[in-house]
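Input: a single structure, listed below in structure tokens.
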Amino acid sequence: MKTKDKILSKALELFNDKGYNNITTRHIAAELHMSAGNLHYHFKHSEDIVKILFSELTLKMDELLNQMKKRKNKTLEDLYKFTYSTCEIFYSFRFIFINFIDILNQNPDIESTYEGINFSRKEEFQQIFSDLQKSNILQKDIPHFIIDGLVEQIFIIADNWLTHNRLILKLNPKEAIQHYTLLQMNLFYPHLNKEQQKLYEEHYIQ
């Protein structure tokens, strides 16, 4: 494992466990038993580390979305697995969402990137929902404004469930991922075809 990768891995671990605002490059260096100077050779500031970690999060989501978009004849199970995998990825980078406002305030480049990603993600999600309609999973007569609202609701939950869990439910990782996956999946239920609603009740209602 290259030194740069070790730094990124340890930084992610510390940010997730201790909180973004509580960790400096000196903390990361100490955990890796290296000098601060050695770490600063690779990353001058913690913000530089966060930029790369945010890029890694974005890349993982790009890969997941591309896999979902390529699936022909999408199923309800595909939608569930996609939602579950999204929650897993978000959990592995949870400090970004829990400390999101602070990170954006200290990293204007990330804020600009996030705005662009947010716009493109909405288009990708709308395409996935259109494919689900073609596959007779979602009803075909859903008004456009309902689809737009559904996408926004999903984004709100996806970006904020980690904070909600930390403050309110305090579920362990596995329980949290399962709970918030179903919470997001429940948003689709009223828009599923009757057969798919029955399938949903049989397989996903706890």
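Here are the numbers:
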read-out: Matching residues in the stretch 151-167 - criterion: being within 16 Å of F95 (Cβ to Cβ) and of a type in the set (F, W, Y); value: W161
read-out: The stretch 154-167 - residue that is open to solvent by 60 Å² or more (accessible area, probe 1.4 Å) and within 14 Å of the chain's Cα centre (by Cα) and, of those, farthest from K122 (Cα to Cα); value: N160
read-out: Qualifying positions in the stretch 1-21 - loosely packed, with under 14 Cβ neighbours inside 10 Å and either among the basic types (K, R) or over 22 Å from the mean Cα position of the chain (by Cα) (or both); value: M1, K2, T3, K18
read-out: Failed item, numbered, when K140 is tested on (1) free of Cβ contacts under 8 Å to residues at least 60 places away in the same chain; (2) farther than 27 Å from H164 by Cα; (3) part of a helix (DSSP H, G or I); (4) basic (K, R); value: (3)
read-out: Test: residue in the stretch 134-152 that is within 15 Å of the chain's Cα centre (by Cα), surrounded by fewer than 16 Cβ atoms within 10 Å (Cβ to Cβ) and at negative phi; value: yes
read-out: Subset of the stretch 175-198 (residues that are over 26 Å from K134 (Cα atoms) and over 15 Å from the mean Cα position of the chain (by Cα)); value: E175
read-out: Exclusive hit being surrounded by fewer than 17 Cβ atoms within 10 Å (Cβ to Cβ), of a type in the set (K, R) and over 21 Å from F90 (Cα atoms), set K170, K198, K174; value: K198
read-out: Subset of the stretch 177-195 (residues that are open to solvent by 70 Å² or more (accessible area, probe 1.4 Å) and within 21 Å of F93 (Cβ to Cβ)); value: H179, L183
read-out: Residue pairs meeting the criteria (Cβ under 9 Å; at least 6 apart or on separate chains; first within 10 Å of I177 (Cα to Cα), in the stretch 82-94; second among the aromatic types (F, W, Y) and modelled with pLDDT under 95); value: none
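The values are calculated or read from the model by the stated rules, or taken from the named source; none is laboratory data. Remember, it's a predicted structure, so these values are computed and weren't measured experimentally. Using ideal geometry, Cβ is built from the backbone for each residue, glycine included, and neighbour counts are taken over all protein chains shown. In case anyone asks, the SASA skips ligands and DNA or RNA and just uses the protein heavy atoms, side chains included. Shrake-Rupley method; radii C 1.70, N 1.55, O 1.52, S 1.80 Å.
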